[in-house]
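What follows is a set of notes on a single structure, which appears directly below.
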Amino acid sequence: MVRKRLLWQLFPSYLLIMLAVLIASGWYATDVFHSFYLEQIAEVLRARTTLVRAQILPFVEKQDFDEVDRLCKKLGSESSTRITVISTAGLVIGDTDEDPLNMLNHMDRAEIIGAMDSDFGKSIRRSPTLGIDMMYVAIKLKETDSLGFIRTALPISGINKTLNNIYSKVFFGIFAIVLCAAVISLYVSRRITNPIIEMQQIAHDFAEGKLDQRVPPYNAEFGILAESLNQMARQLNERIKTITGQRNELEAVLTSMSEGVIAVDSGRHIVSINMAASKLLGIEPQQACGHNIEEVIRNVELLEFVRKTLDSDKPVEAEMLLRNEDERFFQLHGASLSDNFGKRSGAVIVLTDMTRMRRLENVRRDFVSNVSHELRTPVTSIQGFVEALRDRKISDPVQAGRYLDIIAKHSDRLNAIIEDLLTLSRLEQEGERREITFEKVLLKPVLAAAIELSDTKAKEKEIQINLDCSEEIEIKINPTLLEQAVLNLIDNAIKYSPAQSNINIYVKRNEKDLSISVQDSGCGIEEKHKARIFERFFVVDKGRSRKLGGTGLGLAIVKHIAQVHRGFVSVRSKPGAGSTFILYLPVE
C-alpha cells in the first residue's frame, strides 16, 4: 500500500476547508445581497408610488379617469417606471404601458391584497401583460377612504443583471482568495512537514549509523521531538561504541587464542569461529558463518559432541582424534548458552590442540625408556663383572684384567651419557635464564679448534677433514658452545663415514644468516628418520651406535646449541649417499 506524504494529507484538507468556508460565505453573502437589493428596490418603488399618488389622487377623486391614464403614461415614461391605478373593484383606471380597458381585474394580485391588508404590498412575478418578470409595489390611494390603489413596477431583469454582476465579482473574489489560500496552505503545510521530512532524513541517517548528526531545534512541539531524537542518537552512539569496543576486544581475544572456538545457535548454525579453529579444522571463517555445522565439518565425533553440548545443561568434555594429513589430538570443552529469558540459544565449543603435548609426552616416555635402557646396559655389565671378580673364581690375571677393561669401558660410557645429559640440562637452563654470554669473534679459528680435537679419531680411520671458510668472517657467538656443536657433528661424521674418506666443512654467509655445513660420505639416513634424528637417545641403528661408542645425545646437544644462538640445524641425506648437517646462525 502506497502511503501519502503528510504534505498531501494536510494541504488538500486545508484547501477543502477554506474552499467550503468561502463557498458557504459567498453563497450566504449573495443571498444577503439579493435580499438587500430587492428590499432597496422595493423601498425605491414605494417612495415613487407615494410621490405619484400625490399627483394622481386629485384626478381620481374627480373621477377623471382619462387624465389619470394620461398622467400614468407621462409619469411612467419620465421615471422609467410602470404606474398602474386600480379601483376598489380591481378595475384598472390608468396604466403606463397598456390600455386600461384591455387589462384584467387586478384584485387577485398579491401586491393589491397586501396593500389592502397592511396599506403596503409587494410581489415579484411574471407580468401576463408584458411577459417579463416584474417587481410590484402597491399602496392605497388614500389612507382614510378606500378610493383604490396605486401600483408601481420595475422589470427585475436589470436587477438580476446587477445581481449577476455582483455574483460574478463575489465568485471571482472567492476564486482569487482560494488561490491565495492554496498558496498559503501549501506554505503552511510545508512549514509543518519540512521539519518532519528533515527529521525523517536524519532518522534514516541514524539507522545507517551516522549518529554524529543532530536534529536542529524547531518550535516547542517539534523541539521536544528533536531533542528526543538527539538524545536517542547520543545514547545509541555510546552503546554502539561500547558494543563495538566489547566486540573488538572479544575478537582480539578470540584471534589471539591458540585454542579454537566455535559458537553455534540452537539450530546448529555456526555463529562465530575464530582463526585458530578455522586453521585446525581447515575451513574458511567467512564461508562457515551462517551455515549448518554439518555442512562445514564432516567429523562425526565433533558433530556428536556439539549435539551433546546443545542437549546438556552442564559443561561437556571429550577427546577427539582428527586424521587429516597427520594425526592431531584435541581436547574438547563445550558449554551451552542461554538468552536473556533463560532459554537455551546455542553452545560454545573450545578445541585445544593437544598434539604437541601428546608428542612431548611420547618423547618424554621414549626419553625415560631410552635413558633407562642406555644406563641399564653398562650398569648391568659392570655389576656382572664386579660380582665375578668379587667371587674370586677367576685365577687368571689376564682374564681378570680383561674384565676390568670391560668395566672401565662401560664406566666411561656411563660417564659420557651422564656428561651429555648434564650438558643438555645446562644448555636448557642457561638458555632460559639468558646466562650464556656471546662475543664477536673470527669463525675460522673456532672451526679449526674443533677439527684439531677430532684429528686423532680421524687419523685412526685415515679420514681427511677439509675446511672452506673465509678468514674475515666474524660472528657473535659463544665460542665454546659452537666449538662443541661442530665437534659433535665432526665426531658423528667420523663414526659413520668409511675409512679413507673425506669430511668437508664449508661456510656460507648472506645478509640474514650464516650456515656451517658438515658433509660426510657415510651410509646416509632414511627419510622416515629425519624428523626424529635430533631427539635425545634416538639412533637409527642402536647396536651400531653402541659399538661406535655413541650416547645418542650428540645431535640433541647440537640442536640446543643452535637454539641458544637463535638458530637451527637441519640435515640433507639419502641412504648410501652420505649426509650433510647444516648449522644455521643469524647474522646481526
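The combined condition, being of a type in the set (Gly, Ala, Ser), at pLDDT below 80 and assigned by TED's automatic domain parsing to the domain that holds GLN464, is not fulfilled by ALA499. Those strands (runs of 3 or more DSSP E) of segment 25-144 in which at least 2 residues are over 25 Å from LEU163 (Cβ atoms) and out of contact with any Cys (no Cβ under 9 Å at 6 or more places or on another chain), considering only elements entirely within it, cover 133-140. Of all residues in segment 145-174, which are in a helix (DSSP H, G or I), at pLDDT 75 or above and among the small types (Gly, Ala, Ser)? Matches in segment 145-174: SER168, GLY173.
With respect to (1) crowded, with 20+ Cβ neighbours inside 10 Å; (2) closer than 30 Å to GLN55 by Cα; (3) out of contact with any strand residue (DSSP E or B) (no Cβ under 6 Å at 6 or more places or on another chain), the lone exception for MET107 is condition (1). Does at least one position in segment 301-308 carry a residue that is under 30 Å from GLU535 (Cα atoms), at pLDDT 80 or above and either surrounded by 15 or more Cβ atoms within 10 Å (Cβ to Cβ) or among the hydroxyl-bearing types (Ser, Thr, Tyr) (or both)? Scanning segment 301-308 turns up no residue that is under 30 Å from GLU535 (Cα atoms), at pLDDT 80 or above and either surrounded by 15 or more Cβ atoms within 10 Å (Cβ to Cβ) or among the hydroxyl-bearing types (Ser, Thr, Tyr) (or both).
Selection of segment 282-306 for residues being more than 24 Å from the chain's Cα centre (by Cα), part of a helix (DSSP H, G or I) and free of Cβ contacts under 8 Å to residues at least 24 places away in the same chain yields GLU295, VAL300, GLU301, LEU303, GLU304. Residues of segment 561-569 include none that is in contact with a strand residue (DSSP E or B) (Cβ under 7 Å, 6 or more places away or on another chain), under 27 Å from ALA499 (Cβ atoms) and modelled with pLDDT under 80. In segment 65-91, of all residues being within 20 Å of ILE124 (Cβ to Cβ) and among the aliphatic types (A, V, I, L, M), the one that is farthest from the chain's Cα centre (by Cα) corresponds to ILE86.
Here is a check on your reading of the model: is ARG125 surrounded by 13 or more Cβ atoms within 10 Å (Cβ to Cβ), of a type in the set (D, E, K, R) and under 30 Å from SER168 (Cα atoms)? Judged against the criteria, ARG125 is a match. Could you go through segment 62-70 and let me know if any residue there is modelled with pLDDT under 80 and more than 30 Å from GLN200 (Cβ to Cβ). Looking through segment 62-70, none of the residues is modelled with pLDDT under 80 and more than 30 Å from GLN200 (Cβ to Cβ). If you go through segment 307-325 and keep only what is part of a loop (DSSP other than H, G, I, E, B) and free of Cβ contacts under 8 Å to residues at least 12 places away in the same chain, you end up with LYS314, GLU325.
What are the pairs, 6+ residues apart or on separate chains, where a residue within segment 111-132 that is more than 13 Å from ARG82 (Cβ to Cβ) and at pLDDT 85 or above has its Cβ under 8 Å from a residue that is of a type in the set (Asp, Glu) and not in a strand (DSSP E or B)? Close Cβ pairs satisfying both conditions: GLY121/GLU111; LYS122/GLU111; SER123/GLU111.
To keep it simple, each residue is scored yes or no on (1) within 30 Å of SER497 (Cβ to Cβ); (2) outside the structural domain of GLN563 (by TED's automatic domain parsing); (3) surrounded by fewer than 16 Cβ atoms within 10 Å (Cβ to Cβ); (4) at pLDDT below 85.
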residue: ARG426; (1), (2), (3), (4): yes, yes, yes, yes
residue: GLU452; (1), (2), (3), (4): yes, no, yes, no
residue: GLU474; (1), (2), (3), (4): no, no, yes, no
residue: ASN478; (1), (2), (3), (4): yes, no, no, yes
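Going by the conditions given, is ARG190 touching a strand residue (DSSP E or B) at 6+ places or on another chain (Cβ under 8 Å) and either basic (Lys, Arg) or not assigned by TED's automatic domain parsing to the domain that holds SER80 (or both)? Judged against the criteria, ARG190 is not a match. Taking segment 256-281, which residues are without any contact (Cβ under 8 Å) to a residue 60 or more places away in the chain, among the hydroxyl-bearing types (Ser, Thr, Tyr) and surrounded by 12 or more Cβ atoms within 10 Å (Cβ to Cβ)? Those that are without any contact (Cβ under 8 Å) to a residue 60 or more places away in the chain, among the hydroxyl-bearing types (Ser, Thr, Tyr) and surrounded by 12 or more Cβ atoms within 10 Å (Cβ to Cβ): SER272, SER278.
Selection over segment 143-173 of residues that are surrounded by 13 or more Cβ atoms within 10 Å (Cβ to Cβ) and more than 60 Å from the chain's Cα centre (by Cα) gives a count of 18.
Hey, does segment 52-73 have a residue that's surrounded by fewer than 19 Cβ atoms within 10 Å (Cβ to Cβ), touching a residue at least 60 places away in the same chain (Cβ under 8 Å) and not β-branched (Val, Ile, Thr)? Yes: segment 52-73 contains one or more residues that are surrounded by fewer than 19 Cβ atoms within 10 Å (Cβ to Cβ), touching a residue at least 60 places away in the same chain (Cβ under 8 Å) and not β-branched (Val, Ile, Thr).
Within segment 176-193, identify whether any single residue is closer than 22 Å to ALA47 by Cβ, of a type in the set (Gly, Ala, Ser) and surrounded by 14 or more Cβ atoms within 10 Å (Cβ to Cβ), and answer yes or no. No, the conditions are met nowhere in segment 176-193.
The values are calculated or read from the model by the stated rules, or taken from the named source; none is laboratory data. Fair warning: this is a prediction, and the values are worked out from it, not measured in the lab. For neighbour counting, all protein chains shown are included, and Cβ atoms are generated from backbone atoms with ideal geometry for every residue, glycine included.
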